[in-house]
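Data block below; observations after.
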Amino acid sequence: MSTNGTMLAAVFRGPGVPVLEERPVPRLERAGDVLLDVELCGLCGTDLHVLADPPGHPAEPGVVLGHELVGTVVEIGADVVDLEPGTRVVVAPNLNCGTCAYCRRGLRNHCIRFSTIGIFRDGGLASRVVVPAVACHPISPGVPAEIAALVEPLSTVVHGVERAAIFPGETAVVLGAGPVGLMFCSLLHHAGATVIAVEPLEERRALATRLGALVALDVGSLAEARGELGADVVVDAVGTQLPAALEVVRKAGRIVLFGMNAGASTEIHQYAITRNQLDVLGAYVGQDVFPRAIALVEQGRLSLDGIVSERVALEAVPEAVADMRNGHEVKVQVEPV
Ligand SMILES: [Zn+2]
Ligand SMILES: [Zn+2]
């Protein structure tokens, strides 16, 4: 932050890479908001979709990007009761209205006025951000920053594993070992499953086995991933892998569709779903999943080492986004000093 009340921010201006701009340091305006000092903020596949040409995910032009953040409360609005300056928090970026028909049915992740910090309103790729107190979840200062900044994507994986309803002793095949697929490998293993990862990139396959997969296979090895009976659970962490999932799952098994690709459409063999009595389950962000994701990282037993491939300064964000696009990174996190 400069002395004239401005700060550097990585801003969405359209397809390409984020634009570095000097922005006024945000101030509290609503009584339910808090001002955070950002410690670390991750970049993710959603950011790449936002910046793609044509865009694969909508976003508000002019918004400060960044929705995977850990920070410290600096100032609180008049109505904030549960947080105080100095509290370290992770931010649940998806906001809901609480009053629409979906919110009233307890489906707040399907709120019709759904909004996301770092996509539709200013996020964490800047040294300061104002967010609603309701989005902030305290986290122990003992959790390393790079792990704390993984809580947001981990929370969505917690929801995916919840949808899978995995039971110890079951087998799970994870299709795709990017950051999310790797977290699925780790959490499914932690939950007692035998995990098989399928991934084209060798270094990601190596990470998958380090994080809990029993084996990691190349994409040509679906028959091997299937084994004799087929997997109890198959997770598509990519967004295009339903046909492959149908090949690998056992009869009466579960397929969790987690990855999202708005441009993909694929022909499927519907007969196989009916004949084999499959459960095909969509998993979208989740709700009330932050407390469990935080508990997992505070317990320190879930293996997440190696998912973060690089930490960069805010100035290097445009370059880092270009590297991510080329597949040169797993997860990049940004320190907005
Ligand atoms: Zn993300
Ligand atoms: Zn709503």
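Counting neighbouring Cβ atoms within 10 Å and putting the fewest first, the residues Leu125, Leu83, Leu8 line up as Leu83, Leu8, Leu125.
For the stretch 255-337, the dipole from Cβ point charges (+1 on Lys and Arg, -1 on Asp and Glu) about the Cα centre works out to 360 debye, to the nearest 20. When only the Cβ of Lys, Arg, Asp and Glu is charged (+1, +1, -1, -1), the dipole of the stretch 164-315 relative to its Cα centre reaches about 340 debye.
For the stretch 56-111, taking Cα atoms only, Rg and Dmax work out to 14.7, 39 Å respectively. Ranking Val130, Thr72, His110 by how far each Cα lies toward the positive end of the dipole of the stretch 1-143 (charges on Cβ) leaves His110 at the top. If you take all C-alpha pairs in the stretch 1-80, what percent of them are over 18 Å apart? Summing the P(r) of the stretch 1-80 above 18 Å gives 51 percent of all pairs. Here the sum of -39500 (n - 2.57) over DSSP H runs of 4 or more residues, divided by the residues of the chain, equals -7000 deg cm²/dmol at 222 nm, to the nearest 500. Relative contact order for the chain: 18 percent, from Cα pairs under 8 Å spaced at least 6 residues apart, divided by residue count. Counting every C-alpha pair in the stretch 89-169, the share spaced more than 20 angstrom apart comes to 45%.
When Rg and the Kirkwood radius Rh are both evaluated on Cα atoms of the stretch 1-134, their ratio Rg/Rh stands at 0.98. Under the combined filter of DSSP loop state and at most 11 neighbouring Cβ atoms within 10 Å, the stretch 211-316 retains these trypsin sites (Lys or Arg not before Pro): Arg301.
Taking other Cβ atoms within 10 Å as a rough exposure proxy, Cys97, Cys136, Cys41 sort from fewest to most as Cys97, Cys136, Cys41. As a proxy for reagent exposure, ranking Asp323, Asp122 by other Cβ atoms within 10 Å from fewest up yields Asp323, Asp122. Looking at the stretch 224-316, none of the chymotrypsin sites (Phe, Trp or Tyr not before Pro) sits in a DSSP loop with at most 12 other Cβ atoms within 10 Å of its own Cβ. Net charge in the neighbourhood of Val330 (other residues with Cβ under 9 Å of its Cβ; Lys, Arg +1, Asp, Glu -1) is -1.
Within the chain, the longest segment free of exposed loop sites, counting GluC sites (Glu not before Pro) that fall outside DSSP classes H, G, I, E and B and have at most 16 other Cβ atoms within 10 Å, spans 30-227. The smallest convex shape that holds all Cα atoms of the chain, its convex hull, gives 135 Å³ per residue.
Read-outs: derived from the displayed coordinates by stated rules, not from any lab. Just so we're clear, the structure is a prediction, and the values are computed from it rather than from any experiment. Ideal geometry is used to build each Cβ from the backbone, glycine not excepted, and the neighbour counts take in all protein chains shown.
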